[in-house]
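What follows is one structure encoded as structure tokens, with my remarks underneath.
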Amino acid sequence: MHPFAPPPIVRYDFFLMYDDFYAIDRWSNQRVHCIQQKLIVAIATRHADAVDVKFLVDGQPVWVALPLPAWVEYKRRTAKTITDSLTVEIAGHYLKTALESGEGGGREMYSLTVEEALEHLNAVVQELGQETTPQGL
């Protein structure tokens with residue numbers, strides 16, 4: 001490779017299931033449309049060690065906060081990195097689960113623990129038919 005040649009383009013394909021989805025709200029029994037809108041590292045915005053993922057649920061903002069220590073723990077357990085697209089999937093999976101189970105009942109902000117984030121990550125990976133994560137995730 002020539003020393004001044006541009007670096008090769010690396011492309012990661014990741015089928016997003018939870019960036020634009022529908023769920024049935026447990027309490028209203030209505031179908032709601034959820035669209036992922038933003039991904040923000042919340043250290044600066046909320047002085048929190050989290051990544052906030054904003055969804056519009058039938059046009060209303062709903063935030064899912066994923067704790068940054070989950071990235072460290074996942075890396076420690078698997079030697080893999082949580083990407084931005086996987087972050088959206090984790091948050092979307094959690095939001096769909098919360099809406100359909102009735103958890104939180106119309107809250108604007110959901111904050112997950114490290115273990116909850118890793119549980120939803122594992123569920124997403126299994127849904128995608130990817131390599132399963134180690135036990136305890």
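Quick notes on this structure:
- Any hit, segment 82-99, residues being among the charged types (D, E, K, R), closer than 20 Å to Asp19 by Cα, at pLDDT 95 or above and out of contact with any helix residue (DSSP H, G or I) (no Cβ under 9 Å at 6 or more places or on another chain): yes
- Scanning segment 74-118 for residues that are charged (D, E, K, R) and either under 16 Å from Val53 (Cβ atoms) or in contact with a strand residue (DSSP E or B) (Cβ under 9 Å, 6 or more places away or on another chain) (or both) yields Asp84, Glu89, Lys96, Glu100, Glu103, Arg107, Glu108, Glu116.
- Ser111 vs. criteria at pLDDT 90 or above and exposed (fewer than 12 other Cβ atoms within 10 Å of the Cβ): no
- Selection over segment 1-30 of residues that are part of a strand (DSSP E or B) and modelled with pLDDT under 90 gives a count of 0.
- For segment 73-84, the criterion of being under 19 Å from Ile40 (Cβ atoms), surrounded by 13 or more Cβ atoms within 10 Å (Cβ to Cβ) and touching a residue at least 24 places away in the same chain (Cβ under 8 Å) is satisfied by at least one residue.
- Matching option when the condition is at pLDDT below 90 and not β-branched (Val, Ile, Thr), among His47, His33: His47
- Residues that are in a loop (DSSP other than H, G, I, E, B), closer than 17 Å to Leu112 by Cα and in contact (Cβ under 8 Å) with a residue 12 or more places away in the chain, drawn from segment 38-72: Ala48, Asp49, Leu68
The values are calculated or read from the model by the stated rules, or taken from the named source; none is laboratory data. All of these numbers come straight from a predicted model, not from anything done at the bench. Quick reminder, even Gly has a Cβ in these numbers, built from the backbone with ideal geometry, and neighbours come from all protein chains shown.
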